[in-house]
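Chemist: Dropping a structure here in structure tokens format, bear with me for questions.
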Amino acid sequence: MHTSFKSSIVAAVTVLAASGAFAQKAGDDIVSVGLASVNPSASLGKLTSTSSTDNNATGTYFTGALNNATAHVGNATTMSLGWLHMYSDNLGAEATIGLPPEVTQDLTTTTAPHPGAAKIKIWSPTLVAKYFFGTAQDKWRPYVGLGASYVSFHNIAINSNDNTVRYLANTSASFSSAWTPVYNAGMIYNIDDKWSINGSVSYLPVKTTATFVGPGAPVGYTAAVTTTGDVKLNTTDYVIRVGYRF
């Protein structure tokens, strides 16, 4: 092989190797934007109602009426934003937040279904520590992550056209905020040394307490009633984002 040609190849390989650090190396900051599909699986615990103004007759009625009630929360798609900082070539931490998706909650009692019982917006800012497999020169970087999210519920609007829902929660409806662990896995494809595509799946076992206050007007009673119960929202999030490295 001609010496100059051989030298050129060696130089080219050296340049490619030097520029092959596509991303995810120590000190990198990567911002990303894309879409998240939020998929909650709701589980409703026992609902207990109380009322102090009629010797709890209304509360007893509601507790019985809501026995074995179930809930379903619909899926939603929203915008997702992320900021990943790499502390080493393999360890990083990512903060993510998205536009709060609005989900619809259906309620089913032993007597009837109540579709669209409430609409709820969910905030879930998240911080996840991530371990990236492979090296900074790899185009494909699979990773696993573990972190936490603070989940809160806002802009709760009930369907007051449904008599049962109105009796149950026309005065107020709320869900307690809660910290929840985040289990995460995904893959980054590095298009070049600046741009990348990140696809991931996360699981969030959310637990919250629902509190409803309504006018309480079943079967002739007129006493206000307060209903509480535990709710599980085992949520799976699917995310795809385009990232840019600084």
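Any read-out appearing in this document is the output of simple, stated calculations on the displayed coordinates, not a laboratory observation. Only a predicted model underlies this, so the values are computations on that prediction, with no experimental measurement involved. Neighbour counts run over all protein chains shown; Cβ positions are idealised from the backbone, glycine included.
Chemist: Of the lysine pairs in the chain, how many meet both conditions: Cα atoms under 29 Å apart, and a spacing of 8 or more in sequence or different chains?
Modeler: Lysine pairs meeting the criterion: 19.
Chemist: Once you keep just the Cα pairs under 8 angstrom separated by 6 or more residues, what percentage relative contact order results for the chain?
Modeler: Numbers: 688 pairs, mean separation 58.2, N = 246.
Once divided by the residue count of the chain, the mean separation gives 24 percent.
Chemist: So for region 126-246, considering every pair of alpha-carbon atoms, how many percent are separated by more than 23 Å? Numbers along the way, then the final one.
Modeler: Values: 3773 of 7260 pairs.
Pairs farther apart than 23 Å: 52 percent.
Chemist: Now, a different point. Measure nothing but the geometry: give the 0 to 90° angle between the long axis through the Cα atoms of 3-19 and the longest principal axis through the Cα atoms of the chain, rounded to 10°.
Modeler: The helix 3-19 is inclined about 20 degrees to the chain.
Chemist: Above 23 angstrom, tally the Cα pairs of the chain and express them as a % of all pairs, no decimals. Don't jump to the answer; show the numbers that get you there.
Modeler: Working: 17550 of 30135 pairs.
I get 58 percent for the Cα pairs in the chain exceeding 23 Å.
Chemist: So, one more: Under unit Cβ charges (Lys, Arg +1; Asp, Glu -1), what dipole magnitude, rounded to 20 debye, does region 111-246 have relative to its Cα centre? Display every interim value, and only then the final one.
Modeler: Working: 11 positive and 6 negative charges, 36 e Å.
The dipole of region 111-246 has a size of about 180 debye.
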